[in-house]
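Enquirer: Take this structure, written in structure tokens, and hold onto it; I'll ask about it next.
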Amino acid sequence: MHNIRTRKIPFEFPQDIEPYWKPDMPEWCALLNGISLTMPYLEPFLIRSIRDAAQQIEEVELKDEIRSFIEQEAQHFSQHRKFNELIKSKGYAVLAELEEEMEVYYQKLDGSSLQKRMAYTSGFETMTIGLTRFLVNRRRWLFKDADPRVASMMLWHIVEEAEHKSVAIDAYRAACPGYLAWVYGLFHGAFHVLFMAIRGAVMMLAEDGRFKLVNKLRLAGLVVSFLMTWAPVLIRSLLPGHHPDHIEDPLWVQQWIREYDAKEGVPLLDTSHDDIPASFT
């Protein structure tokens with residue numbers, strides 16, 4: 001049984017936070033803002049799907065882990081919703097159009113079979129394993145001198161994704177197994193969310209007149225960099241019998257968890273430090 005802890009962290013997103021919270025990498029800020037934009041629509045869908053799957057599961061320990069998964073995901077999308085409202089208030093009301101589209105999409109997906117919904121759910125959760133590696137192992141590039149309030153919230157989220165990385169696939173295999181359906185769900189869940197995030201980034205950059213050739217190339221470079229990090233995870237995940245627990249979490253994730261257990265409070269990171277250590281200011 002995994003130790004999945006619910007952390008109710010009172011992150012604050014005051015008006016002095018800039019939409020480009022890492023000024024030297026506006027394309028990265030726009031892309032991560034785009035990912036954040038998906039969360040209040042994606043994660044409630046994941047919760048609804050895995051809650052329905054839990055009704056088909058008898059294993060007590062797995063049902064307990066599903067409850068913890070739901071509690072963590074609920075904390076995630078509530079924090080992202082607050083952050084997203086701040087970003088939109090800074091002159092990006094156009095992003096509401098994409099939010100409406102996502103709301104309609106997930107409502108429609110709710111009408112699909114449990115197997116399809118859980119394949120999407122566990123497929124997306126598999127992508128987060130690669131995203132954890134990307135954000136944590138390349139944190140010096142992605143978050144050095146970034147606004148610590150934004151960086152700390154994003155990295156807290158990905159730490160908890162690592163904590164519950166196996167729950168969705170365990171629930172899928174227990175409630176509605178099927179290898180080919182899962183493979184479809186892996187690509188569906190992972191690439192749909194990535195596509196929507198890229199659209200959000202493009203809308204934000206275009207609104208500011210920053211979507212010129214150099215911006216397009218930088219944004220494409222970020223996406224390619226992530227895909228190269230995720231590709232080994234994808235290949236391993238497609239092997240029959242593979243389980244997320246076979247992939248070890250980055251040491252920094254384990255350090256973050258130990259640090260939070262020792263101090264609690266708001267886990268603000270020191271983004272001015274060259275290594276951005278898992279210690280809180």
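Just so you know, all these numbers are worked out from the coordinates, no wet-lab data involved. Keep in mind that what you see is a predicted model, and the values were worked out from it rather than measured. Backbone-built Cβ (ideal geometry, glycine too); neighbour counts: all protein chains shown.
Enquirer: When a/c reaches 1.5 or more, the comparison of a/b and b/c decides; with that in mind, is region 216-281 rounded, prolate or oblate per its Cα gyration tensor?
Expert: Values: a/c = 3.63, a/b = 1.35, b/c = 2.70.
Taking the square roots of the gyration eigenvalues as a ≥ b ≥ c, region 216-281 is oblate.
Enquirer: Distance between the C-alpha centers of region 232-281 and region 59-73? Whole Å please.
Expert: Value for the Cα centre distance between the two parts: 20 Å.
Enquirer: Show that you can apply the helix-only estimate: for the chain, add -39,500 (n - 2.57) for every DSSP H stretch of four or more residues, divide by all residues, and state [θ] at 222 nm to the nearest 500. Write out the running numbers ahead of the final one.
Expert: Values: 10 runs with 195 residues, N = 281.
Theoretical 222 nm ellipticity from helices: -24000 deg cm²/dmol.
Enquirer: May I ask you to derive the relative contact order of the chain, considering only C-alpha pairs under 8 Å and at least 6 residues apart, and to give it as an integer percent?
Expert: On the way: 359 pairs, mean separation 83.1, N = 281.
Relative contact order comes out at 30 percent.
Enquirer: Of Leu37, Ile169, Gly209, which is farthest along the charge dipole of the chain in the positive direction, counting Lys and Arg as +1 and Asp and Glu as -1 at C-beta?
Expert: It is Gly209.
Enquirer: Calculated from the structure, Rg and Dmax of the Cα atoms in Å equals which of (1) 23.9, 70; (2) 18.1, 54; (3) 18.1, 58?
Expert: The listed entry that was calculated here is (2).
Enquirer: Also: Mind ranking 195-206, 58-69 by how tightly packed they are, going by the mean number of other C-beta atoms within 10 angstrom, highest first?
Expert: My ranking of the peptides, most packed first, is 195-206, 58-69.
Enquirer: Please give the peptides 207-215, 228-236, 81-89 ranked by average Cβ packing (other Cβ atoms within 10 Å per residue), highest first, as a rough proxy for protection. Kindly include the intermediate steps, with their values, before the conclusion.
Expert: Details: 207-215: 13.2, 228-236: 15.1, 81-89: 17.4.
Per-residue mean Cβ counts within 10 Å order the peptides as 81-89, 228-236, 207-215.
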